[in-house]
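Novice: The structure's right below; bear with me while I get my questions together.
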Amino acid sequence: MIQETLSQKINHIADLIRQTQHTVAFTGAGISTESGIPDFRSPDSGLWRNVDPMTVASIFGFKRDPKAFYDWVAPLTRTTINAAPNPSHIALAEMEQRGHLDGIITQNIDMLHTRAGSKTVFELHGHMREATCINCFKVYDGKPILEKFLEDSKVPTCETCNGVLKPNVILFGEQLPVREFQGAQDAARKCDLMIIIGSSLEVEPAGELPRLAYRTGAKLVIVNLEPTSADKLAEVVIHARAAEILPAIVRQLETN
Ligand code: NAD
């Protein structure tokens, strides 16, 4: 196999985008690290250090000890509330606007794709836009609830029934939102090119979607700092920073 240089790979990706009809992006926490939000599995992110995910970040753990969940997620919440989209989120929004991208399937809860202006976004793991009472299911605007917790460290509760409020993020042990997941599956089946950015692909069932796209005929492109289990399936693999590569792809698409 001929080894391509980085600029040849970028040209190759731009050519694939031009040649195909339906390109979809699949993103994970790595696309947002350059907005200051740590991912989960990079060696130095530290989010899982000293915690058992099933204890602190599962729905069972949340119901047993919501304070432990809120305390653990507080630093991530603080950075997420203050974060801004980086050049990779903006590049994807531009690609959609110019008709190069059908939409984005994301595992991220940080809302940076919609804040960058992307319109079709399947948020598989929910978002922090809202919080819901786990007792009466009343829905609240997420930001003031989270900001108040960051201020007073008290577990937010429902003004109607005093039940605990849970941000609308999907914890281990919870089902993915059905409509979002079905929409994402349809997009994965329909696309003929999927660009995977900043995901270890280790979280199921989301991590299965690139393989679904591949099985149903799509070509895969991977932009990720570290190797992933899908690299061997991909037409082009770039191990580099997303915020460097995605704007370069957009610039290349603009050249002719
Ligand atoms: P992950 O942490 O398992 O993997 C992130 C991948 O991104 C790693 O392979 C890493 O090498 C790569 N990466 C890091 N910085 C990068 C950069 N600048 N450019 C390109 N690649 C980069 O992330 P995942 O696969 O999304 O799974 C983590 C789970 O945690 C998801 O379910 C997600 O919901 C959740 N999570 C979300 C956020 C967020 O919303 N921003 C942050 C942390 C975790």
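Novice: Do we have residue 220 as modelled with pLDDT of 95 or more and under 22 Å from residue 91 (Cβ atoms) here?
Specialist: yes
Novice: Which count do you get for residues in the range 203-244 that are more than 17 Å from the chain's Cα centre (by Cα) and farther than 19 Å from residue 192 by Cβ?
Specialist: Of the residues in that region, 8 qualify.
Novice: Still on this structure, I have one more. Among strands (runs of 3 or more DSSP E) lying entirely in the range 55-147, which contain 3 or more residues that are over 14 Å from the mean Cα position of the chain (by Cα)?
Specialist: Here the list reads 126-133, 139-141.
Novice: Here's another thing I want to ask about it. Select from the range 193-216 the residues that are free of Cβ contacts under 8 Å to residues at least 24 places away in the same chain and open to solvent by 10 Å² or more (accessible area, probe 1.4 Å) and list them in ascending order.
Specialist: Answer for the range 193-216, where residues must be free of Cβ contacts under 8 Å to residues at least 24 places away in the same chain and open to solvent by 10 Å² or more (accessible area, probe 1.4 Å): 204, 208, 211, 214, 215.
Novice: Would you say residue 68 is at pLDDT below 95, on the phi < 0 side of the Ramachandran plot, more than 9 Å from the ligand (Cβ to nearest atom) and in contact with a helix residue (DSSP H, G or I) (Cβ under 9 Å, 6 or more places away or on another chain)?
Specialist: Answer is yes for this residue.
Novice: Residue by residue through the range 165-192, note down the ones that are open to solvent by 40 Å² or more (accessible area, probe 1.4 Å), part of a loop (DSSP other than H, G, I, E, B) and within 12 Å of the ligand (Cβ to nearest atom).
Specialist: Listed by number, the residues that qualify are 170, 174.
Novice: Right, here's the next one. Would you tally the residues in the range 73-92 being farther than 14 Å from residue 126 by Cβ and open to solvent by 10 Å² or more (accessible area, probe 1.4 Å)?
Specialist: 10
Novice: Between a first residue in the range 232-251 that is open to solvent by 20 Å² or more (accessible area, probe 1.4 Å) and a second residue that is of a type in the set (Asp, Glu), which pairs have beta carbons less than 8 Å apart while being 6 or more apart in sequence or on different chains?
Specialist: Close Cβ pairs (under 8 Å, with a partner that is of a type in the set (Asp, Glu)) amount to 237/231; 239/226; 241/34.
Novice: Cβ-Cβ below 6 Å, separation at least six or inter-chain, first residue in the range 11-40 and in contact (Cβ under 8 Å) with a residue 40 or more places away in the chain and of a type in the set (Ser, Thr, Tyr), second assigned to a loop (DSSP other than H, G, I, E, B) and away from the ligand (no atom under 16 Å from the Cβ): which pairs?
Specialist: From residues that are in contact (Cβ under 8 Å) with a residue 40 or more places away in the chain and of a type in the set (Ser, Thr, Tyr), the pairs are 20/192; 23/101.
Novice: Do the conditions hold for residue 154, that is, is it surrounded by 12 or more Cβ atoms within 10 Å (Cβ to Cβ), farther than 24 Å from residue 204 by Cα and of a type in the set (D, E, K, R)?
Specialist: no
Novice: Take the residues of the range 94-112 that are closer than 20 Å to residue 205 by Cβ and within 16 Å of the ligand (Cβ to nearest atom): which is most open to solvent (accessible area, probe 1.4 Å)?
Specialist: Taking the candidates together, the pick is 109.
Novice: Looking only at residues that are out of contact with any helix residue (DSSP H, G or I) (no Cβ under 7 Å at 6 or more places or on another chain) and closer than 19 Å to residue 29 by Cβ in the range 212-239, which one is nearest to the ligand (Cβ to nearest atom)?
Specialist: 226
Novice: Still on this structure: Does residue 159 meet the test of being in contact with a Lys or Arg (Cβ under 9 Å, 6 or more places away or on another chain), of a type outside the set (S, T, N, Q), at pLDDT 95 or above and outside any helix (DSSP H, G or I)?
Specialist: yes
Novice: Have a look at 24, 121 and point out the one that is among the hydrophobic types (A, V, I, L, M, F, W, C) and more than 14 Å from the ligand (Cβ to nearest atom).
Specialist: That would be 24, the only listed residue that is among the hydrophobic types (A, V, I, L, M, F, W, C) and more than 14 Å from the ligand (Cβ to nearest atom).
The values are calculated or read from the model by the stated rules, or taken from the named source; none is laboratory data. Remember, predicted model here, so these are calculated numbers, not experimental data. Cβ coordinates were reconstructed from backbone atoms using ideal geometry, including for glycine residues, and neighbour counts include every protein chain displayed. Accessible surface areas use protein heavy atoms only, side chains included; no ligands, DNA or RNA. Shrake-Rupley method; radii C 1.70, N 1.55, O 1.52, S 1.80 Å.
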